[in-house]
Structure formats: structure tokens, C-alpha cells
Amino acid sequence: MNDQSDNLIEIRNLNYSRGQRQIFKNLNITIAKGQVTAIMGPSGTGKTTLLRLITRELNPDSGTILVEGIDIAKLSQKDLYKLRKRMGMLFQNGALLTDISVFENVAFPLREHTRLPNRLIRHIVLTKLHAVGLRGAADMMPSELSGGMARRVALARAMVMDPAILIYDEPFVGLDPISMGVIVRLVRKMNDALGISSILVSHDVQEIATVADCSYLISDGKVAASGSPDELSNTRSDLVRQFMHGMADGPVAFHYSAPNYAEQLLGRDAE
Amino acid sequence: MLRDLWYALDDFLRTLGQLLIFFLRLVANSPSILFRRAGLVVKQVYNAGALSLVIIMVSGFFVGGVLGLQGFSILSKFNAEDSIGTFAAFSLLKELGPVVTALLFAGRAGTALASEIGLMKATDQLSAMEMMATNPLRRVLVPRFLGGVISMPMLAAVFSVIGLFGAHLVGVNLLGVDQGAFWQQIQTTLELKDVYEGIFKSVVFGVVASLLAVWEGYNAVPTAEGVSRATTRSVVNSAIAVLILDFIITARFI
Ligand SMILES: Nc1ncnc2c1ncn2[C@@H]1O[C@H](COP(=O)(O)OP(=O)(O)OP(=O)(O)O)[C@@H](O)[C@H]1O
Ligand SMILES: [Mg+2]
């Protein structure tokens, strides 16, 4: 077991449900400091939900979430905001503010939380935009960007405050192979050069293998497997092999739970 | 039956309670935004106020013109056409100015507020702010609420002034009422109390219409359908609230 201080986030016996559906059942996850931790899982298992729980946008039904040893459920709003200033989050759909330009989007956290002079803000923002290859798009409005560009701008915004923890929700979706390579290297480089910790949600097994130090595969509300990417791809477990090799048949159902297909087509399910 | 009625009432009171708490939170956060982030408020005054100006001016002009026509046809029966100025001024300042402005505001600015906030919610923009340690209530809702509250009395004043101009045009220039009598009658009959009543009304309507628009947007179900419903509800509820409050305030002032 790791020493307490090496753990960035500890999730203990987490239960969470939405309506009738229990999304997490006694989930336990430990995320180490200074590493890139990947969270994988079939669509709809609750990866985004897990990130929202870690950042306390949602509150668990039971269980505790410790961030740097502190129970986030007990934080006051002020302390929670203090913690969030040290976190950068990339939303699955970018979530750029649509009424301000790309430049202002990236500058937003700086303008809200610092009193830096305009020249310095400009310098920082352009540096971050340059890192994601979009310095030229600074004056565009978010509505003029493609999905992949918006996500890269959102990435620049997530890292503009130089956070200690970076959280990425599906950063690789919708990127062309070139920007994908750049972003993968950027994630790795920031983690190592700046000593930050990264949490990365992704379906992309290959990319994860190149950037993650440790990964968790979540399925059916529980951790199905964990370990380094190598360990995962060598596991015997059917479920892990199915996911890592992208097979339709196996313990993970491709279909969301539904009545029997033939029965439903024949209209018998209504009875 | 009685049970259903009770549940409906219970539901209504609960919502009203939540609305009140929401209102108090907006008000509690207003001073610091007003003084420290005045730029945000100014932008919203522009959005809610300046952009509604054309519709307010056009409506004001024609409502005033109609007052001139109707006033003339009624008052001439009593040989009192000279009072047409008083008739128009009272109607505009005390009733039509605040009420029609509030209804137009709900349709023009209120819907824009509700749908903008609802869409920001649906596209995770409010969550993103929350994650950047910025309270969306302060950053997004309070400036929009204040923008509405500040613009409403100004818009109502513009409406009344343009309306009076319209009434003057119809009464004096078209129907030949004496210009001196038109103004003099207004001067002698209109009291400061009447002006206050109009201002008071438009401030109350400004608070109510902005509050409901911001509230509906913030509580919208974050889908396309949810946002469109919230938008519709914000106009309907604002209109009803304004008309009911207008009755109550008028009764109090008489
Ligand atoms: N607002 C909501 N109301 C009800 N259920 C929800 C809501 N948001 C998500 N869910 C449910 O929670 C489950 C987990 O959703 P979540 O978005 O966390 O999945 P995910 O693992 O991020 O999927 P993906 O990989 O497709 O992004 C889904 O089954 C979804 O049906
Ligand atoms: Mg997701």
C-alpha cells in the first residue's frame, strides 16, 4: 500500500445512483500524485459522473472522497473554490463560454482570480494557445470552431492557471492523428515537467497505453481491473481482454440493458 | 379532489419559497457585483435596455397615438377635448408606461435571458464556471438580473415620453386641440405622487420580470426542449405576475 501522502485522490466505498440506476457500487479508487492515471470504461458507465463527484459538482449517496487527504464533502464553499483553483478540468464537450472570444475564454480564469496586468495576461494566454496550436484562432468566437478545435481551446483554458491537478474528460475524441499526437505528448510533458497529476478519461486504449502510468477499468459500477497498461493488456480476465481488444462479445454488454430483442421486435414485450 | 387541490397549493408554495430564497441570494450578491464588477452590469443594461429601445419607442408612439384618438372621441362628448393631455399623461405614467413596457420587456429581454441562461446550463458552461471556481450565480445571474432591474424604469420613462409625444401629435397637430391647454392641463393636474406611482411600479415590474426570467433559465431542464419550455414559462409567468401586481399596487395607491 502506498504511503498516505503519495495519494492525490482516494475514493472509498463510493455509492451513487441516478434515479433508479445505481451507477457506482462500493467503488474504491486510489490515484497517485504526479502520475497520469487513466480511467477507462464502456460508454455510460459513469466516467464523467466520477469526475463530477471528484470535483464535488455532485455529491455521493455514501462513501468518502479524499483529495490530498481532505474529505471534500466537508469543505466550505470557499475552501472548495480554493481547491478548484488548483484543478483544471477539460469537459467532454469543451464547455467554452459562447458569448466571449477564444482569447477571452482562455483568459477567463486569470481575469476572475488574478489582478495581472493585461500585457501579462495576453502573454500567458497566447503561450497556452500556442501549445495547443491555436494561437491563430485567438480572435475567433467559439461558434466558429470545429469540435476538435473547441476541445483544444478548452484544454488551453484548463491549464491556464497552471493547476496542480489536471482532469481530462475524453481529450482525444474528435482529434485528427496529428493533433492527437501533439496533445498526447502535451499531456505527458506537462505531467512530467511541471510535476502535476493528471486524471484522464478515455476510450482510446492505444493512446492510454502510451501516456498513462496506471489505469482503472470501470464496469458495472465497480473497478473491473487496474494496473499499468502492460499489466492490463496481459490480464487473463475476459472482461479486460474484451475491452482492450475491442470485441463485441464478452462479459461487457454492448447494449444498454433492454428487453429481449426478438421479443421486442415481435411486439411481445408490451404484454 | 380536495387532496389534489392541496397538493397543487403545496407545490405552488414550495416553488414560491424557493423563488424567494433565490431572490434573496441574488440581492445579497448584488452590491458587491455592482461595485466591483460594474462592467458586467453595464453590458447587461445594454443587452436588456438598449436593445429593447426600438420596440419600446415604436410601441410607445402608437399607444400614445391611440390614446389621443380614443381620448378625443370620449372627451369631445363632454366638450372636454382640452383635457386630452391629462388623459394621456395619466394613462401613460401610471398604467400603460410601466405595464406595457414590462410586457414588452418580458417578451424581448426576458426570453433572451431565460434561453441564454438555459443554453449555458445545457452546454455545461455553468458547470465549467463552477469548476473554474467562479460562482455562476454571481458571474452570470446577478449581472443579468441587475441589468433588467436597472433598464426597466428607464424603458418605462422612454415609453411614457414617446407616448405623450404621440398623443400630442394626434391630439394637437391632427385633431386641433389647443397646444397651450394640452400642456397646461397636465401641469395643473399631475402630481408628484402620480409620477412616483409610475416609477414604483416599473421598479417592481423590473425586479419581477428579471427575477422570473433568470430563475426559469437557471432551473431549465438542460435540453433543447427544456430550454424552450423555460423560455415560454418566463414570458407567461412574468405577464401574469405583472398584471396581478399592477392591480395590487394600484389599489394601494388609491
Ligand atoms: N442528468 C442525468 N440524469 C439521469 N441520468 C444521467 C444523467 N447524466 C448521466 N446519467 C446516467 O448516468 C450514467 C453515466 O453517465 P456518464 O455521463 O457518467 O457516462 P460516461 O461513462 O461518461 O459515458 P461516455 O463515455 O459516453 O461519456 C449513464 O448511464 C446515464 O444514463
Ligand atoms: Mg462521459
>> Can you give me the convex hull volume of the Cα atoms of region A:24-85, divided per residue and expressed in Å³?
In response: 104 Å³
> Residue separation times 0.36 nm, minus the C-alpha to C-alpha distance between residue A:130 and residue A:81: what's the value?
Replying inline: 14.9 nm
> Taking Cα pairs under 8 Å and at least six residues apart, what relative contact order does region B:36-253 come out at, in percent?
Replying inline: 36 percent
> Any idea what angle helix B:111-122 forms with the longest principal axis of chain B, computed on alpha-carbon atoms, 0 to 90 degrees, nearest 10?
Replying inline: 10 degrees
>> Looking only at the protein assembly as shown, where both bridge partners belong to it, what percent of the DSSP beta bridges are antiparallel (to the nearest 5)?
In response: 55 percent
> Under 29 Å from the Cα of residue B:201, which lysines turn up, not counting those fewer than eight places away in the same chain?
Replying inline: B:43, B:94, B:193
>> Within a 10 angstrom radius of the beta carbon, how do A:61, B:246 rank from fewest other beta carbons to most?
In response: A:61, B:246
> Using Cα-only point scatterers and the Debye equation, what is log10 of I(q)/I(0) for chain A at each q in 0.07, 0.12, 0.13 Å⁻¹, rounded to two decimals?
Replying inline: -0.28, -0.79, -0.92
>> Could you tell me the relative contact order of chain A? Use alpha-carbon pairs under 8 Å, at least six residues apart, and round to a whole percent.
In response: 24 percent
> Amide H to amide H, which residues 5 or more places from residue A:89 or on other chains are under 5 Å from it, using H placed in the peptide plane?
Replying inline: A:167
>> Within a 10 angstrom radius of the beta carbon, how do A:45, A:98 rank from fewest other beta carbons to most?
In response: A:98, A:45
> Cα axis of helix B:38-48 to longest principal axis of chain B: angle in degrees, 0 to 90, nearest 10?
Replying inline: 60 degrees
>> Using Stokes-Einstein with the Kirkwood hydrodynamic radius over Cα pairs, what translational diffusion coefficient do you get for region B:100-145 at 20 °C and a viscosity of 1.002 mPa s, in µm²/s rounded to a whole number?
In response: 188 µm²/s
>> Debye calculation, C-alpha points only, no solvent: report log10 I(q)/I(0) for region B:31-78 at q = 0.27 Å⁻¹, in the same order as the q values.
In response: -0.89
> In a Debye calculation with equal point scatterers on the alpha-carbon sites of region B:36-253 and no solvent, what is log10 I(q)/I(0) at q = 0.18 Å⁻¹?
Replying inline: -1.15
> Quick one: what does P(r) look like for region B:213-254 with 10 Å bins over all Cα pairs, in whole %?
Replying inline: 30, 36, 21, 11, 2
> Going by alpha carbons, how many degrees (0 to 90, nearest 10) lie between the helix axis of A:147-158 and the longest principal axis of chain A?
Replying inline: 60 degrees
> Of A:47/A:222; A:128/B:121; A:74/A:222; A:85/A:128, which pairs sit farther than 19 Å apart, going by alpha carbon to alpha carbon?
Replying inline: A:128/B:121; A:74/A:222
>> If the reach is capped at under 15 angstrom between alpha carbons, list the aspartates and glutamates near residue A:25, excluding any in the same chain fewer than eight residues apart.
In response: A:61, A:220
> Cα gyration tensor of region A:111-214, axes a ≥ b ≥ c as square roots of the eigenvalues: rounded (a/c below 1.5), prolate (a/b > b/c) or oblate?
Replying inline: oblate
> Give or take rounding to whole Å, what are the principal axis extents of the alpha carbon atoms in the protein assembly as shown, in descending order?
Replying inline: 102, 68, 42
> For region A:1-138, what size does the Cα cloud have along each of its three principal axes, sorted from largest down, in whole Å?
Replying inline: 48, 32, 28
> Once you average over the residues of A:85-93, how many Cβ atoms of partner chains fall within 10 Å of each Cβ?
Replying inline: 3
> What value does region B:62-154 have for Rg/Rh, both radii from Cα atoms and Rh as Kirkwood defines it?
Replying inline: 1.30
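Each reported figure results from applying straightforward, stated rules to the coordinates on display, with no laboratory input. Here the structure is a predicted model, which means the values were calculated and not measured. With ideal geometry, Cβ positions are generated from the backbone for all residues, glycine too; neighbour counts draw on all protein chains shown.
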